[in-house]
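J.: Please read through the structure below; I'll follow up with questions.
The values are calculated or read from the model by the stated rules, or taken from the named source; none is laboratory data. Every value quoted in this text rests on a predicted model; they were computed, and no experiment measured them. Cβ placement follows ideal geometry from the backbone for every residue including glycine, while neighbour counts extend to all protein chains displayed. What goes into the accessible areas is simple: the full protein's heavy atoms, side chains included, and nothing from ligands, DNA or RNA. Shrake-Rupley method; radii C 1.70, N 1.55, O 1.52, S 1.80 Å.
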Amino acid sequence: MHDPNLPGPGKRPRSSISPTIVLDRHDRPVVALGSPGGATIITTVLQTLTGFLDRGLPLVDAIAAPRASQRNAAQTELEPGLWDDTALRGRLEAIGHSFKPNPEIGAATGVQRLPDGRWLAAAEKVRRGGGARRWWSGRRGSSGGRQRGAGAAAAPRPVRRRVRPT
């Protein structure tokens, strides 16, 4: 049987599977995240995980951080947050790197297990229109969740939901 997504020499998968789930040493979930974007899924998930796990950024900040995408092309794509850093870009170009701007790379969402067992959800602040604008109060059996106006003129905010484990 021929499957185009089976690994093999000279082949590339049509897409990458997401979400990615990170477990602690006791096999308990720490964080799970994913992103749409076909060819940018791998770079989006990797850069978000690096920000969260290695740099210690809060999950929402790791998701919001500017991204680069290199897909075996002559130029690396940079989001505005990296493209606009002309000093950094200049140093990298001086040693042979080449870049082109890309207004948006990926659109991650994720959940993080908190030390008390609750979960914190996070989504994009701006990319692809930002995350949902609803939050839950966290009280069981309450209808205390407050809806933020979908048409409100406020700037997009990170989504932070805390839910109890089931």
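J.: Touching a helix residue (DSSP H, G or I) at 6+ places or on another chain (Cβ under 6 Å), at pLDDT below 95 and part of a loop (DSSP other than H, G, I, E, B) - does that describe any residue in region 38-60?
T.: Within region 38-60 (the criterion being touching a helix residue (DSSP H, G or I) at 6+ places or on another chain (Cβ under 6 Å), at pLDDT below 95 and part of a loop (DSSP other than H, G, I, E, B)), the answer is no, since none of the residues qualifies.
J.: Please work out which residue is farthest from V45 (Cα to Cα), limiting yourself to region 65-100 and to residues that are open to solvent by less than 80 Å² (accessible area, probe 1.4 Å), in a strand (DSSP E or B) and not β-branched (V, I, T).
T.: Result: F99.
J.: Scan region 24-37 residue by residue and report those that are in a loop (DSSP other than H, G, I, E, B), open to solvent by 20 Å² or more (accessible area, probe 1.4 Å) and either of a type in the set (S, T, Y) or in contact with a strand residue (DSSP E or B) (Cβ under 6 Å, 6 or more places away or on another chain) (or both). Quick ask: steps written out before the conclusion?
T.: Filtering region 24-37 down to residues in a loop (DSSP other than H, G, I, E, B) leaves 24-28, 35-37.
From what is left, the residues that are open to solvent by 20 Å² or more (accessible area, probe 1.4 Å) are 24-28, 36-37.
Once the filter is applied, which keeps residues that are in a loop (DSSP other than H, G, I, E, B), open to solvent by 20 Å² or more (accessible area, probe 1.4 Å) and either of a type in the set (S, T, Y) or in contact with a strand residue (DSSP E or B) (Cβ under 6 Å, 6 or more places away or on another chain) (or both), region 24-37 yields only D24.
J.: Scan region 45-61 and report the pairs whose first residue is farther than 12 Å from V31 by Cα and whose second residue is open to solvent by 30 Å² or more (accessible area, probe 1.4 Å) and in a helix (DSSP H, G or I), with Cβ atoms within less than 8 Å and a gap of 6+ or a chain change.
T.: G51/D61
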